[in-house]
1. The chain: longest stretch without exposed GluC sites (Glu not before Pro) (DSSP loop, at most 14 other Cβ within 10 Å), sites themselves excluded?
2. Using the crude model of +1 on Lys and Arg Cβ and -1 on Asp and Glu Cβ, and no other charge, please compute the dipole size for the chain relative to its Cα centre, in debye to 20.
3. For segment 58-365, just say rounded, prolate or oblate: build the C-alpha gyration tensor, square-root its eigenvalues into a ≥ b ≥ c, call rounded for a/c under 1.5, and beyond that prolate if a/b exceeds b/c, oblate if not.
4. Quick query: amide H of residue 200 versus all other amide H atoms, modeled in the peptide plane; which residues come in under 5 Å with a sequence gap of 5 or more or a different chain?
5. Not counting ligands, DNA or RNA, and with a 1.4 Å probe, what is residue 385's accessible surface area in Å² rounded to the nearest 10?
6. Counting each DSSP H run of 4 or more residues in the chain as -39500 (n - 2.57), what helix-only mean residue ellipticity at 222 nm follows after dividing by all residues, to the nearest 500 deg cm²/dmol?
7. In whole Hz, with x marking every Gly and Pro, tabulate ³J(HN,Hα) for segment 252-267 from phi via Karplus 6.51 cos²θ - 1.76 cosθ + 1.60, θ = phi - 60°.
8. Quick check: the angle from helix 174-188's long axis to the longest principal axis of the chain, C-alpha only, nearest 10 degrees?
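The values are calculated or read from the model by the stated rules, or taken from the named source; none is laboratory data. None of these values were measured; they are calculated from a predicted model. So basically every Cβ, Gly included, is an ideal-geometry build from the backbone, and we count neighbours across all protein chains shown. These area figures cover heavy atoms from the full protein model, side chains too; ligands, DNA and RNA do not enter into them. Shrake-Rupley method; radii C 1.70, N 1.55, O 1.52, S 1.80 Å.
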Amino acid sequence: MESRLWIRSPLAILAEGAEGGIVVEGSRIVELVPAGGQPAAPVDERFEAGCHVVVPGLVNAHHHMFQNLTRSHPAAINKSLWPWIRSLYPVWARHMTPEAFRLAVRVALTELILSGCTTTSDHHYLYAAGLEDAMDVEAEEAGRLGMRVTLTRGSLDIKDQQGVISPPNVVQDTDVILADSQRVIERYHRRGDGAMTQVALAPCAPFDVSLELMRQTAALAERHDCRLHTHLVETRAEADFCRNRFACTPVDYLEQCGWLNSRVWLAHGIHFEDDEIAKLARHGVGICHCPTSNMVLAAGQCRTCELEAAGVAIGLGVDGSASNDSSNLMEGVRHALMLNRLRYGSEAVTHLDALRWATVGSARLLGRSDIGVIAPGRQADLAFYRLNELRFSGAGDPLAALVLCGATQANRVMVAGRWRVRDGAPLGVDVERLMAEHGRAARAFLQTV
Ligand code: ZN
């Protein structure tokens with residue numbers, strides 16, 4: 001018999017009919033308790049949540065963790081996407097060591113969980129020497145922290161082509177990529193409710209990998225029933241490049257690659273025409289909106305409301321820590337609210353929409369129906385925020401306050417029914433030491449190439 005925990009009478013909770021709290025049994029939520037009510041059966045433990053605003057654990061659907069070694073890098077600040085990536089690629093290619101990579105992953109995961117994120121993906125495409133086991137490192141580090149992870153096995157197989165320069169030492173042969181993708185799937189892809197690790201396959205972008213890799217990757221995902229991910233139309237130039245080079249739209253090119261299906265979620269998805277949106281909706285493709293990165297690089301504004309109206313699932317991602325330059329998903333929720341209000345108006349996009357994108361929306365992109373919602377039968381992945389900072393003083397609606405006043409740090413985080421953050425501290429991580437080690441590693445990246 002699993003122990004039953006009553007999270008009692010939260011200050012506010014993002015679930016209707018749970019004003020009296022929720023009951024967690026093992027890894028799952030088993031009951032919502034209405035206002036003034038009692039659990040249907042005795043409980044073993046209570047947690048008094050009267051000071052906490054409780055939301056489903058946030059889900060991060062797009063990231064590049066290694067990039068936190070080059071946050072606010074002098075060579076890259078104040079640039080748009082292509083000059084930015086041209087500045088950073090040689091720096092990453094030259095300085096990324098296995099030790100630095102592991103510290104980057106540890107920092108990114110810790111930063112994410114402290115922001116209230118319980119599940120993350122990481123689109124890792126940089127396979128410099130010694131990083132062949134990058135997915136294994138990420139699985140280990142996520143396991144240490146107790147976070148759920150979708151290991152998003154990225155890839156690059158073109159060394160040099162017009163408009164794109166991937167340094168040769170981070171590019172792999174197509175056969176090597178496919179063999180390792182299969183290995184990673186067999187080792188880490190868990191199916192079914194409650195999975196702690198899953199695998200998705202993710203060529204970096206359709207225009208910096210071969211058509212053959214796109215097609216073979218889609219076939220591999222189909223064979224193993226896993227998700228597919230890539231970047232698409234982050235910039236207008238990318239859409240123009242596609243039209244000039246392939247005489248078709250980016251969405252038509254995806255179709256040629258065998259990538260228009262419900263396994264696929266795309267990062268950014270900014271510069272779509274109306275007919276492309278309709279096509280994505282017809283085929284069940286989802287979009288990960290990355291508001292912070294889009295604003296930093298001035299890439300453009302995702303057409304979130306048109307996409308949703310057409311039936312496309314929308315989730316949120318922090319995107320890489322060199323274009324964000326943070327890994328705080330709660331901050332991303334606030335940025336999503338503000339950026340989308342600027343485009344669509346203050347009544348069209350609410351704090352609940354932004355929270356929905358970061359929870360159930362992102363979960364849908366990762367192909368998961370067991371997380372992202374507080375409801376009986378779902379996994380007990382929960383983020384608890386306190387409103388005891390000056391910035392919340394005098395706040396009225398507690399759920400709106402999280403987004404409007406700008407919560408950034410969860411006070412407690414639970415994943416699969418287990419506490420992973422208590423009193424604002426991640427369990428099992430010496431944050432001071434981690435910052436010292438990571439800071440030392442990052443200094444090497446400041447050397448000019
Ligand atoms: Zn990205």
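1. The answer is 133-272.
2. 480
3. Taking the square roots of the gyration eigenvalues as a ≥ b ≥ c, segment 58-365 is rounded.
4. Close amide H contacts, sequence-distant or interchain: 151, 152, 153.
5. 0
6. After summing the helix terms and dividing by the residues of the chain, the value is -10500 deg cm²/dmol.
7. In residue order, the calculated couplings are 5, 5, 4, 4, 4, 7, x, 10, 9, 7, 7, 7, 9, 10, 10, 7 Hz.
8. Long axis of 174-188 versus the principal axis of the chain: about 20 degrees.
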